[in-house]
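So the structure is just underneath, and the comments pick up after that.
The values are calculated or read from the model by the stated rules, or taken from the named source; none is laboratory data. Worth saying up front: this structure is predicted, and the values here are computed from it rather than measured. When we count neighbours, we look across all protein chains shown, and the Cβ atoms used for this are built from the backbone with ideal geometry, even at glycine. Note: accessible area is taken over every heavy atom of the protein model, side chains too, but ligands, DNA and RNA are not part of it. Shrake-Rupley method; radii C 1.70, N 1.55, O 1.52, S 1.80 Å.
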Amino acid sequence: AHEIQNPLNFVNNFSDVSMELLDEISEERSKKQEARDDGLEAEILADIRQNLEKIAHHGRRADSIVKGMLQHSRTSSGEKEPTDINALADEYLRLAYHGLRAKDKSFNSELITHFDPNLPKVNLVAQDIGRVLLNLFTNGFYATQKKKEAEGESFHPMIEVATTARGNSVEIQVKDNGGGIPDAIREKIFQPFFTTKPTGEGTGLGLSLAYD
């Protein structure tokens, strides 16, 4: 509720301010032509446009929080079925990469895969494990993207995914060469709504969903 309240406060505040600005513009327009200030009217209209953009931004933020919460509370109805983990990891790695490239064409990353060729099929809900992988890859790309912004052209982003059969279990490892997670917050990363990303860039539900 606290998370949703935050963007809603912005929506309400910018709406109220916009209503006041509309009153101001109506007052200005009711004056005789020679007494009207066209520059002031243009300024007020620009402010209203800016406020509407902010309302739309924070509305989308609230929308993504609600979607994340619904995703979080939804118990999976999927059936477990024998799944090729290598194919699943490869598919979601490319999905995450192309998703980020769609937003930022300048971003490039090396994708490294070490898939165990002798991996047996694993009985699981592919969509659920796929979502876990997607969250891990997306976080990895985000970390390397931020490091590239800080270090410039000398830095080469890299995401690595490896699968290994270990006795009667299968291990999936995801690595990136981004900034890493500081020790001070490592304990918190699985908490719902905990995020290190700026407002509007992450809901803090990806890893808690993965943890579940």
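Quick one: would you say residue 173 is open to solvent by 80 Å² or more (accessible area, probe 1.4 Å), closer than 25 Å to residue 85 by Cβ and of a type in the set (S, T, N, Q)?
On the way: open to solvent by 80 Å² or more (accessible area, probe 1.4 Å): yes; closer than 25 Å to residue 85 by Cβ: yes; of a type in the set (S, T, N, Q): yes.
So residue 173 fits the description; yes.
Within the set of pairs 6+ apart or on separate chains, which have a first residue in segment 30-44 that is at pLDDT 90 or above, a second that is assigned to a helix (DSSP H, G or I) and open to solvent by 80 Å² or more (accessible area, probe 1.4 Å), and C-beta atoms under 6 Å apart?
Hits for this filter: 44/24.
Condition check: more than 30 Å from residue 207 (Cα to Cα) and not aliphatic (A, V, I, L, M). Does residue 67 satisfy that?
For residue 67, the condition - more than 30 Å from residue 207 (Cα to Cα) and not aliphatic (A, V, I, L, M) - is not met.
Could you please find all residues in segment 149-164 being farther than 22 Å from residue 89 by Cβ and acidic (Asp, Glu)?
Applying the first criterion (farther than 22 Å from residue 89 by Cβ) to segment 149-164 yields 149-155.
Within segment 149-164, 149, 151, 153 qualify.
Limited to segment 53-85, what total is found for residues that are at pLDDT 90 or above and open to solvent by 100 Å² or more (accessible area, probe 1.4 Å)?
Qualifying residue count, segment 53-85: 2.
Identify, by number, the condition in (1) touching a residue at least 24 places away in the same chain (Cβ under 8 Å); (2) more than 18 Å from residue 172 (Cβ to Cβ); (3) not acidic (Asp, Glu) that residue 154 doesn't meet.
It fails just one condition, (1).
Those residues that are open to solvent by 60 Å² or more (accessible area, probe 1.4 Å) and modelled with pLDDT of 70 or more, I need them from segment 197-212; list them, please.
Listed by number, the residues that qualify are 211, 212.
Output the residues belonging to segment 129-160 that are open to solvent by 50 Å² or more (accessible area, probe 1.4 Å) and in a strand (DSSP E or B).
158
If you take the residues of segment 10-52 that are of a type in the set (D, E, K, R) and not in a helix (DSSP H, G or I), which of them is least open to solvent (accessible area, probe 1.4 Å)?
That would be 36.
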